[in-house]
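Structure, as structure tokens:
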Amino acid sequence: MKQSQNTLTPLTEELSYRSLPGVREYVVHSNERIWTVTTIAIVSALGILSYTTKSIPWAKWVIGSIFVLLTWIKLNTVKEERILAIRNVGVQVKTIYLSGRSISHFVERSRICDIIIHEAITIWQVKFYMAIIVVKQDRMKVVFEHLLPPLNPTLITAYRGVRSMMFSDSDPESD
Amino acid sequence: MPYNICMVSDFFYPNVGGVESHLYQLSQRLSQRGHKVIIITHAYGNRTGVRYLTNGLKVYYVPTMVIYSSATFPTIYGFFPIFRNIVIRESIDIVHGHQAFSSLCHEAILHGKTMGLKACFTDHSLFGFADASSILTNKLLKFTLSDIDHVICVSHTSKENTVLRAALSPRHVSVIPNAVVASQFLPDPTAADPNYITVVVISRLVYRKGMDLLVAIIPRICAMHPKVKFIIGGDGPKRIDLEQMREKHLLHDRVELIGSVKHHDVRNVLIQGQIFLNTSLTEAFCIAIVEAACAGLLVVSTKVGGVPEVLPRHMINYAKPEEDDLVIAVSKAIHMIRYEVPKPLTFNEELKDKYSWKNVAERTEKVYDLISYSQTSPLIERLRRYYGCGFYAGKIFCMVMALDYLFWIFLEYVFPREAIEQAQPFPYKKYQSFDKSERYQTTNKVKPSLIDD
């Protein structure tokens, strides 16, 4: 049964997908928000501190730098990561941050060598990741690079969906 | 019942050598018997991460710092988080470490025991007791082997050596010799030069392998027997001595130095000769002489270490590691070849069944059966064992081990077990049946996925 509407269908807590004929997009969300309890607590603490420590000369530098650090962390937190696969056109990988800023990277169909799932050793752990091998490039393009979702069912569903878009003529079964 | 085994060693592919091929062959045979085997080793240059070798053998190349000749820098606790992660995701039951020189092996055994797994150790070399490096290595070995379930040695001499070094009870040590793939070393009687009797030497050209003895005996033998040639393969610091000897006695046409020989070329070098000469000063189990005998050569060797246990009497001539005795033994071998006393072409048949990897894997599996039925000792018992290592050393070892335990509790709290995702088992059966079926399709069709649901 094909899903043709352009709505975001949730599959699991993290993954949802959108499909049209010849097009598939998989979206992985994280549960990050701008204003969480800790953020509100820190900001109000900073606000209170800036009044109580008015006399100390270096206090405003410390408070200022903590505030800058907090903003920088919030700006670089990833809200969503998407992969959009269009048959015979290519694959686009997009990262959306909390501030609304998004970075996207497109690889055209003729330059895609393969789409793989492999394991990588980081300092603490071994993680699964999905990647696109691009022709004549040393580095692969890692999909869901910051969120690194688990293998079942997120990566496998996205992997199968994108591969069937790119490398076969039939659409993936709707999950 | 199938086990999940983790082999740990510093020495593995792409390094080539005895330990490496032992690991590879043993892992292949064990996985053919139905167990799951993974290998953990350190990263070689750019080669880091997870790689798959033949038949789906999974190798983890863990990025660590290498200090000397492929041995890692021993940060005792630095390896723990990644090791724990790998062991949990692959559901490992048994940790099997190889080679006393490998610090990764010692660390893995320590952490494996702390986590409650069974551990096993295989030693591939002999050690002295007198010089500084031996004393330190022996103490370290005592530390690792205080708390281990079983030890495997490659010969009875090696067993005596290990038992003395690490003060173990001999009941906990098994002897499982190395093996050779006999079909890779088939003899070829037509390849040798019929006008000469050729003596082949293939080894690393280092002091330990008796190169000084070789330098001394070659001129004497060449003087005594005019129709004898030498082929010397391999490379190392003593090559200069051999070349100087060649210059001094003007033996350029009688002695050939072919440089380092790759493992797949060894057979082609061996079949050019009729005699194989091994002059090692110490050897736990010399696999080179087994390879030479399989290839149809008569072996002459120094009677050291585990060498007397390896070959039957009619295939080998022994000598003391002295110049005169070696000259006598080589002369005797030359006479035997000239009067065609031994039948070297039959050696391969005889050795094929005696030294097979299938046999080694069966015996290793029996060791695993033995250790999996033993019970895990409680923490106090482990501390007691480490304490008995020595007056000062015991206390230090206990501290190291206790800190390791605390670190483990910390890791269990910070990186909980449930959060670690299990690895996908490699579909061996699918891979093997796929290999034999029709040829691999090209890119426009969907490639068969290696991931099952």
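Read the figures in this text as sums done on the coordinates, not as results from a lab. From a predicted model like this one, the values you see are computed outputs, not experimental measurements. Cβ: placed from backbone, ideal geometry, glycine included. Neighbour counts: every protein chain shown.
Computed quantities for the displayed model
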quantity	calculated
DSSP beta bridge pairing in the protein assembly as shown, given as percent antiparallel to the nearest 5	50
Proximal lysines relative to B:Lys320, as straight alpha-carbon distance under 18 Å, when same-chain residues fewer than 8 apart are discounted	B:Lys209, B:Lys303, B:Lys332
Sequence of B:Asp353, B:Asp123, B:Asp212 once ranked by neighbouring C-beta atoms within 10 Å, starting from the fewest	B:Asp353, B:Asp212, B:Asp123
Per-selection metrics, the range B:130-267 (Cα): Rg and Dmax in Å	20.5, 59
Helical contribution to [θ] at 222 nm, DSSP H n ≥ 4, -39,500 (n - 2.57), averaged over chain A, rounded to 500	-8500 deg cm²/dmol
Convex hull of chain B built on C-alpha atoms - directionally averaged projected area, nm²	25.2
Cα-derived Rg to Rh of the range B:182-354, Kirkwood definition	0.92
Principal axis box of the range B:1-114, alpha-carbon based, largest edge first, Å	37, 31, 24
With at most 14 neighbouring Cβ atoms within 10 Å, loop chymotrypsin sites (Phe, Trp or Tyr not before Pro) (DSSP) excluded, longest segment of chain B	B:130-338
Efficiency of FRET between A:Lys94 and A:Thr53 - r from beta-carbon atoms, R0 56 angstrom, step 0.05	0.85
Fewest-first sequence of B:Thr162, A:Thr36 by Cβ atoms within 10 Å of each Cβ	A:Thr36, B:Thr162
Solvent-free Debye scattering, log10 I(q)/I(0), computed from the Cα coordinates of the protein assembly as shown at q = 0.08 Å⁻¹	-0.76
Radius 14 Å from Cβ of B:Tyr77, net charge of other residues (Lys, Arg +1; Asp, Glu -1)	-1
Exposure proxy order (Cβ contacts within 10 Å, fewest to most) of B:His22, B:His264, B:His42, A:His105	B:His264, A:His105, B:His22, B:His42
Cα Rg over Rh - the range A:53-175, Kirkwood	1.16
